[in-house]
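Read through the structure below, which is laid out as structure tokens, and then see the notes.
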Amino acid sequence: MAERFGVEELGVITGVGDALGRCSADTRALWSGKSAFGDASSAMPASAIGAECAGKDDIVRALLGRAAARMDQVAQTCYQAAGDVADTEESLASGFRAISEF
């Protein structure tokens, strides 16, 4: 008889999805409402450093947003995989029951 996934394994798969979901939210929160580069640019308006800092906050927000979106995608894949494994396991169990009754 084939080895079946246990509840623990499915819990690990969904746990990874949960952890990635939390990481995604934390990643989005890292730079929300912050303007560190904008503040630096304003503090040094006539300097080369100030000029280089201008507009960088939007770049950081965009990069963090893309990273968070990727984490969300992987988290959803984990949830889908756990559901697929559970469905497959139930189908196998049903098939084995039918064979044993036959």
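Quick note: the coordinates plus some simple rules give every number you see, no bench work behind them. The structure displayed is predicted, hence computed values, not measured ones. For neighbour counting, all protein chains shown are included, and Cβ atoms are generated from backbone atoms with ideal geometry for every residue, glycine included.
Numbers below:
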item: Kirkwood hydrodynamic radius over Cα pairs of segment 37-83, then Stokes diffusion coefficient at 20 °C and 1.002 mPa s, in µm²/s; result: 169
item: Signed unit charges on C-beta, dipole axis of the chain, positive-most listed residue Gly11, Ser24, Ala81; result: Ser24
item: Most mobile listed residue (Asp87, Asp72, Asp18) in the chain, GNM with C-alpha springs under 10 Å; result: Asp87
item: Unit charges on C-beta of K, R, D, E only; dipole of the chain, Debye; result: 540
item: Point-to-point label distance, Arg97-Cys23, nm (Cα→Cβ direction, 7 Å offset); result: 3.8
item: Bins of 5 Å from zero: percent of alpha-carbon pairs in the chain; result: 2, 12, 14, 12, 10, 9, 8, 7, 6, 5, 4, 4, 3, 2, 1, 1, 0, 0
